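Asks: The structure under discussion is supplied below as structure tokens; questions concerning it will follow.
The values are calculated or read from the model by the stated rules, or taken from the named source; none is laboratory data. Given the structure is predicted, the values throughout are model-derived calculations rather than measurements. Counting neighbours? That spans all protein chains shown, and the Cβs are built from the backbone with ideal geometry, glycine included.
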Amino acid sequence: MSIRTIALLVQDEYVQKSSNFAGAAGSANAVTLELTFNDAWDGLTKKIYLIDALGGDPVYVLLGADHLVEGTTNVYRVTIPAEPLAYQGTMTMTIRGVTIDGEYVETLVMTADTTFTVAEASYTGSGPVEPTPTQSEQLQAQIDALAYQVHAAGFILGGSYNPETTYAPYTILEYENSSYVTIREVSGITPVNDGVNYQMMAGQGPQGDLQLGETETTAHRGDHGKTAYDHSQATADVHGAVSAATPGALMQRDAAGRAQVAEPVDDADIVNKGYVDDEISILTQYIDTEIANLTQVVSGSYVGTGTYNASNPTSITLPFIPDILIILVGDTNYRLLMIRGGHYTNIQDGAYTSITYTCNSVSPSWYITGEYPAPEKQLNGLGKTYRYLAVAAS
């Protein structure tokens, strides 16, 4: 529990703060940063980078829903971890916001450096301090929070099946790498998708080691990926790039960190902020209306088969026709939100990719379209375990 709060107002690329004092060297999680972002940051995936007084490797915190102040959409609270407070001197903070189109950064905003004083402390404690979680660990925590919501909605997480246990209705069980939910009270009945005692939620798919190669079932060399990434991060003299919406030219940020695109026409076109804001408004209104009358919730998992595109749609079987389907995987940034009626969102660090989604039965399906399809973008990476949450409204 922190003992003090520093208020920060993030206005475009600049940060105003209520205090310069971050704490004494050796402190950890004692001071909370409360960050309020103006509307220039709407729609951006935000990370806070904190660097110690000796300029060591930065520690970053990915701002997610668990950091939002209740009742707000732009106010976040984060405690200062141990790493940037390790040494006396000046701690530096920078905030990074991005949107990504497919595999490329569409918008990248950095704040100017904000500094804090770290006071000298002769005694810094005798016990180790837990390190700041990695991005994957932070995302996994959000997935675990969804599991809690499933329990709160009336389902029981029963763990692995035990033939000597009596299970109440709506208990989620794992048996032979598949997930089932009980339809009625059962005891000593082996889980099988019979529609009387159990309903299968997710079955085990084919698995195997991922090999290097250039096909849809293999991975490409990491050094090639790094070369492409480094090129995408260049900010000047990149093949005549401009910030205005200019046909035939590469795009780069202007002096204020912005770039422009025209209004989208085709499905594969890049979208601009106005278009995204309109879509988010529609989705928000729809979700608010539907969630107000929730009657059924189910969660589970499936293992990706590595296939994709219209010829190989991905599908799961549920106990009802879902109105909302959320799919997450812990070791990548891809996640999928699908809403019956035509609204869908496939996101990687804030980017939107075209997905065709069919949901008129208890077996919804989807497949990727666009210029850069891949099984991971279809949330069907070979051997990867995906978790889902399905909701049906009255």
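Asks: Which of (1) of a type outside the set (Gly, Ala, Ser); (2) modelled with pLDDT under 80; (3) surrounded by fewer than 16 Cβ atoms within 10 Å (Cβ to Cβ); (4) under 24 Å from Glu106 (Cα atoms) is the odd one out, the single condition Ile282 does not satisfy?
Replies: That leaves (2) as the condition not met.
Asks: Here's something else I'd like to know. Which pairs do you get when a residue that is touching a residue at least 24 places away in the same chain (Cβ under 8 Å) and closer than 30 Å to Arg258 by Cα, found in the stretch 20-49, comes within reach of a residue that is part of a helix (DSSP H, G or I) and not charged (D, E, K, R), reach meaning Cβ atoms under 8 angstrom, with the pair 6+ apart or on two chains?
Replies: Partner pairs satisfying both residue conditions: Gly43/Val276; Gly43/Ile280.
Asks: From the list Val181, Val186, Val150, pick out the single residue that is at pLDDT below 60 and surrounded by 13 or more Cβ atoms within 10 Å (Cβ to Cβ).
Replies: On the way: Val181 fails: at pLDDT below 60; Val186 fails: at pLDDT below 60.
Checking each option against the conditions leaves just Val150.
Asks: Quick check, is Thr117 buried (at least 20 other Cβ atoms within 10 Å of the Cβ), out of contact with any helix residue (DSSP H, G or I) (no Cβ under 7 Å at 6 or more places or on another chain) and among the β-branched types (Val, Ile, Thr)? Break it down stepwise before answering.
Replies: Values: buried (at least 20 other Cβ atoms within 10 Å of the Cβ): no; out of contact with any helix residue (DSSP H, G or I) (no Cβ under 7 Å at 6 or more places or on another chain): yes; among the β-branched types (Val, Ile, Thr): yes.
Here the answer is no, as Thr117 does not meet what is asked.
Asks: Does the stretch 295-326 hold any residues that are loosely packed, with under 15 Cβ neighbours inside 10 Å and either in contact with a His (Cβ under 9 Å, 6 or more places away or on another chain) or among the aliphatic types (A, V, I, L, M) (or both), and which are they?
Replies: Ala310
Asks: Please find, among Thr111, Thr132, Thr171, the residue that is farther than 23 Å from Val362 by Cβ, among the hydroxyl-bearing types (Ser, Thr, Tyr), at pLDDT 85 or above and surrounded by 11 or more Cβ atoms within 10 Å (Cβ to Cβ).
Replies: Thr111
Asks: Among what's in the stretch 243-273 and is of a type in the set (Asp, Glu) and without any contact (Cβ under 8 Å) to a residue 12 or more places away in the chain, pick the residue that is surrounded by the most Cβ atoms within 10 Å (Cβ to Cβ).
Replies: First, the residues of the stretch 243-273 that are of a type in the set (Asp, Glu): 254, 263, 266-267, 269.
Now restrict to residues that are without any contact (Cβ under 8 Å) to a residue 12 or more places away in the chain: 254, 266, 269.
Numbers: Asp254: 11, Asp266: 7, Asp269: 15.
Among residues in the stretch 243-273 that are of a type in the set (Asp, Glu) and without any contact (Cβ under 8 Å) to a residue 12 or more places away in the chain, the one surrounded by the most Cβ atoms within 10 Å (Cβ to Cβ) is Asp269.
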